[in-house]
Every structure is written in structure tokens, then in C-alpha cells.
DNA sequence: ATCGTTATCGGGAACGTTACCAAAAAATAT
DNA sequence: ATATTTTTTGGTAACGTTCCCGATAACGAT
């Protein structure tokens, strides 16, 4: 029941392991008959090369690591699908780890992936991550790295993100032109790059239409289950907004639920638009307007850059940040 | 920048690799001073053991493999979270592969995980899988295996599933007692164990209330994007049901959307209840009644059995199938 | 002083594979 | 027939680690 190895084949056919290896690998420097013999026997015995031995020898694994905050999040699972599609076609495995928004877990994940000799790393930062020295360290080691979605200014590396500014700008502008004046912005922890960019888009839209920027209308919200609810209740009670623009998948849902729970009519009393990749947005009550990120494409682009780097196809390419346009879907919740 | 190894430490401290290994591992048969010296140096140089070398030597990896159809599916991502939570606490890594509902991909995934010497395997079958010889093969090899959610009768192995019969029975019963007579059941491919069990629950409820079982009201539906829509349209047009009970996460959504697209009032004209783990069910229009599977707990239970098997903690335990109760949430869509 | 014990350490093999170098055999050239 | 090249193969080391076995030294006991 034990797996068959090159040694077993060599012994069975009275050859050396070198010869068997040659037969299995490239065809050069080998008698065609010997090669055939080996290949047939290997086939018959269902020989499968041991990737672990290979990894030890070659110091690589034909696998790439992916670290995301949470796969139970549409954006990330879609991004992973993009990553996987490309990686699979190019002969790489994808090893997925979740940080669960914890800095410590993220560092651990990165370390483990490096220990396991992944050929490259794709990461979207946790909500707690401010210090990126763990990434700088692997960069110093020469491990190819691409950061996507949630990036950091502290590291010079290829990045792939949605055009968060544009999306937020368009969402806010839409709310403004449809007559809203007090637009609350419920957003993620201020550490995140996405938070900054979306806030900037929000501000820019206000500015364009000469609306005042009121700090009290902007709320940062962490990842605790009940947090969004509290924040929404508070902002509704104290600020009386006539519109809400939320900045993430999870926040869109929790906030939407909270507003409804409070018995406030959407969009009559408060218009609502969410930055989210929820597939069910059009089925909600009322149908939810959304800014959608091209998650699959972000994943796809990120992994393409990573694999090109791994395979030395971008030797002299400068490090850059790729912005992929977002898409706005206007529905009843914001009319 | 290269990673430091035991050899490097040995050379630096003028010791043999054996001694260094001993110092790093168990403390027996080693001078306390030598040990301290080694540990300090290792710490200073940031030594990390090479798990690949370990895997090669010990023929195991301290990792378990998980094969699921699709992570962009609430049920599976929640199950994975359950798996991960337990595995992490017990010192195992989790390697996630997706079959994307393809039999070929599933076989490949299993093979790759075995090649990579996972200590055990958790799998939920693809929608195409009828032949489980790939699982029988690894079972014969002695690799610990637990099948969850979508199982197969063809293999005797520990299984963890939701109580699909109960959930379907309760859903159907609820529709019946609230006055519905022609209840359509939109379900997954007939190969799946979950499909059978849910259909059985549906039938049993009809029987209990002496309603006829009409084959035309039951529709099997594959995984193509437009398929559910077509099926729903057809069944609505030709069968005029007064209720719809759907059998999966994806089908619930697609069917719900299709019914609404057709302009049919829920629940007035057609009552609707879905077997789904959607987090947003209560926010839909109208709020969607659901049968919820304890996904996290299924994952948790499955991995506990697997790890116990790996660690020989269930030597004489008989193979069994664990059924975990489902939960019915009644909302407006089915009143 | 010799011997057996104990504590501590080093050497070598092994896990599966490939790369390099050398050796043998075969083919070709002289 | 001999020399030279080409083709084909085998042996060995190496990747990083642990385990088994043997070696050495110190030590107390006789």
C-alpha cells in the first residue's frame, strides 16, 4: 500500500535511479527503449512523483500562498476564484490562509507559507495590520509578493486594487444629485487603505457640490458582530442623516439590517448605497444600490503579476499599483 | 538571506547536527549548557525548522486537506471556518481545494493532497461524482477520511451531515399546514445524497397529510447559471404550484429571483422556503423562510473525528454517520 | 589499576529526487 | 585494427531533518 518511488522502479527494472529519473523527466540522453520500458512500468504501477522531495531539493513548491482576512466574504471568495483560475492553468497550486482580521494570525500565516516554500505570496491585509515588517522581511528574502485590495503605503511592491476613490465618488455624487444633503459614511477601521481611498472619494464628491464635510457623519467601525448596529443607531439618532453610504461587504449588510430594524424607511427617509459584492443586492427590500468591485478580475490580475514575477517575466518592470474600475449599480434603495 | 539550517548552527557552534537537533527537540541526553547555547543561537539567528524536510522524513505534514465544491457558497465557507478553528487549535494546517462541481477536478484535488502527504482528508462530493473509487483508493492506503454534507452510500466511512430529512420534512409540513397543496420542489442533481434525503423528507410530509406525490412538481437542477431560471419558469407555467421549496443555497437565490422576475407575488400567489445558509435571508423582499444547516458545527464535528482518527484516538470506534439537526426559520415568504 | 556506568556527543543513513561526473558500451573515423 | 567520438548508463552527493548506533570521556566501584 506504500507509494511507489523511483527507487522501486529502478530495482524492479534493474536500472539506476538516475536512469529512471531521466526517463521520467526530459527525454535527452536516454535510450528510447529504456525510456519506454520505464514509462510503461511507472504507468502500470501508478507512479506519482513525490512533490515534497522535489520541494526539498529545489527549494520551491509550485504553489503560491494567499492570505485573506475572511473567505466567508463575497469579495474575497470571488477574488480567490480569480486567483485559482489563473494559477491552475499555469500549473500552480493555491494555498489559502485566513487571518480572520487578526494581525498575529496574519504574521503567522505568512511565516508558515514561507516555511513551506511557496513560490510567491498574495496578500490582502487584516484590519489590524499597521506594521508590515513581516512583508518587508519576505521581500528582502526575495520572495515574490503582490498585495491586493487592502494595501499599505509602507511597502513598495506591486499592488492591485479596485478604484475605490472613483466608486466612492460616484456613489456619493449620486446621492447628492438625487437631493441628499446629510450623507453618513460608515466605514472600516481607519488603518485600511480602502478606508482612506473611499473616504477621499466621498469627500471629493461633497466638495464638488459645495457640501460641507461633517466629521460627525463619518464613522469607523470594526469587526465585532454587534458593532455596526450600535454605530448605525448612534449616527441615526444623533446626526439625522438623509443618506447612508457604507464601505464594505459586511458593513452594508449589518447597516442595512440596522436601519430597517429601527423602522426607518429606505429610501424615503434615508437613502442607502453600499460598497459591496453581495450577489443578492437586487433581491433585498428595497433592492440595494451597490458599488461593486471587480473581485474576480482583481484576483486574476494580482496572480498574473505574481506568476510573471516568479517566472522572471518582468525583470525590468517597475513596481506599480494597478487600479481596476468599480461598477455602480443604482437600485431603489438610493432613489 | 538564505534560511538558516541545523547544519549552519552546528558549524557555527562547532557541534554536530545530531547535537543541535537534540537541543532543539527533546531535552534528554544533552548537556544543559550546550542546549542553552544552541537555543540562544537559534533564537538569535531566527532559526525555523524546515517542515518540508520533516514531511519527507516522517511521511506526514501536520496538514489536513479539504475538498469542497465551491468556497463562494455560504455553507461551505462556514463549514471551513469550523474546520479551521478546530484544526488550528490542534496544531494542523488546512489546505483547501475546490472541485468547482467537477468530478475530474475532485479526483485531481484528492490525488494532489495525497501526494502532498496530508495527514487526513475531509471532502464534500462534487455534483458530478458518482464513482468514489478515488476515495476508496485512499481509504485502502490508510489515509484517514471523513466525508461531510454531500456523502456517498458507496463508501463506508465516517460521515457528518445535516439532518436533511428533518429539515425538508419540517419545511414541507409548514407549507402544507399553512394551506398549500401544490408544492414544487426544486432540487440539486439526483446524484447527491442531500438531494435524496431532502426529497424523502418532502415526500414524507406529503404522505403524512395525505397529499399526492406529483413527480412533475419535482425538478432536478444542475449548476449552470441560467438553469434554475429556466426550470422555475417552466414549472410555474406548466404546473401552477402554490408553493416552492428549494434545496440548496444557490437554488434558493436563483429561484427566488426567477419567481420575482416573473411578477409572481410571494407569498400571496406562491409561498417560498429555501434550504440555505444565506446570511441575508431576513433582508430579502419578502423576508425569506429558510432551513438552515449548522455549517460551522458540521465542519467542526467532521474535523474532530478526522483528527481523532489521525491521532489514533478512535481505534475501536465503529464507522458512523453523524446527523446534526437543522433549524427552520419561518418568515414572510412562506406565510 | 581496572572495569562497568553514565553522560554527552559525533557519524552515518534514511526520506525521494535530480544534477553532476565518470564509466562503459557502442558507433564512427582514421 | 586502433583511436576517437557519441550514446547510454551508473554512482554519488545534496536538499534539511531525525534516529540509531557507536565513540569518547568522566566517574565511581571494586
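Quick notes
- Estimated FRET transfer efficiency (residue A:37, residue B:60; beta-carbon r; R0 25 Å; 0.05): 0.15
- Remark: mean inter-chain Cβ contacts per residue of A:111-117 equal 4, using a 10 Å Cβ-Cβ cutoff to other protein chain atoms.
- Cα shape, the range B:198-335, gyration tensor, a/c 1.5 rule: prolate
- Remark: relative contact order (chain B) = 18 percent; criterion is Cα-Cα distance under 8 angstrom and separation of 6 or more residues.
- Rg over Rh, two decimals, the protein assembly as shown (C-alpha only, Kirkwood Rh): 1.01
- Distances from residue B:330 to itself in the other copies, using label points 7 Å out along the Cα-Cβ axis, amount to 4.2 nm in increasing order.
- Calculated FRET efficiency for the pair residue A:196/residue A:133, C-beta based, R₀ 30 Å, to 0.05: 0.90
- Taking chain A as a Gaussian network of alpha-carbon nodes connected by springs under 10 Å, the highest mean-square fluctuation of the residues A:161, A:319, A:151 belongs to A:319.
- As a length-normalised measure over Cα pairs under 8 Å and 6 or more apart, the relative contact order of the range A:6-48 settles at 31 percent.
- Among residues of chain B, the one whose beta-carbon sits closest to the B-to-A rotation axis is listed with its distance in Å as B:285, 2.
- Two-decimal log10 I(q)/I(0) for the range A:99-258, as the Debye equation yields it once each C-alpha is a single scatterer, q = 0.12, 0.14, 0.17, 0.20 Å⁻¹: -0.59, -0.75, -0.97, -1.19
- Burial ordering of A:236, B:122, fewest other beta-carbon atoms within 10 Å first: A:236, B:122
- For the pair the range B:231-291 and the range A:132-193, the centres of their Cα atoms are 37 angstrom apart.
- Overall form of chain B per C-alpha gyration tensor (a/c, 1.5; a/b vs b/c): prolate
- Computed helical MRE - 222 nm, chain A, DSSP H runs ≥ 4 contributing -39500 (n - 2.57), nearest 500: -13500 deg cm²/dmol
- Exposure proxy for A:169, B:75, B:165: other Cβ atoms within 10 Å of each Cβ, ordered fewest to most, give B:165, A:169, B:75.
- Angle of helix B:103-115 to the longest C-alpha principal axis of chain B, folded into 0 to 90 degrees and rounded to 10: 20°.
- Cα-Cα separations in the range A:6-48 greater than 17 Å, expressed as whole percent: 14 percent
- Angle between chain A longest axis and helix A:295-310 axis [Cα atoms, degrees, rounded to 10]: 40 degrees
- Scattering from the range B:155-223 was approximated by placing one identical point on each alpha carbon and applying the Debye formula without solvent; log10 I(q)/I(0) at 0.12, 0.19, 0.22, 0.23 1/Å stands at -0.32, -0.74, -0.93, -1.00.
- Available extension along the chain between residue B:330 and residue B:262 is 22.1 nm, counting 0.36 nm per residue and deducting the alpha carbon span.
- Between helix A:227-239 and chain A: long-axis angle, C-alpha atoms, 0 to 90°, nearest 10: 20 degrees
- Ascending count of other beta-carbon atoms within 10 Å, so fewest first, for A:251, B:211: B:211, A:251
- Treating r as the C-beta distance of residue B:4 and residue A:46 and R0 as 45 Å, the FRET efficiency rounds to 0.70.
- The range A:1-104: relative contact order as a whole-number percent, Cα under 8 Å and 6+ apart: 22 percent
Taken together, the values in this text are just the output of simple stated rules run on the coordinates, not laboratory data. Fair warning: this is a prediction, and the values are worked out from it, not measured in the lab. Cβ: placed from backbone, ideal geometry, glycine included. Neighbour counts: every protein chain shown.
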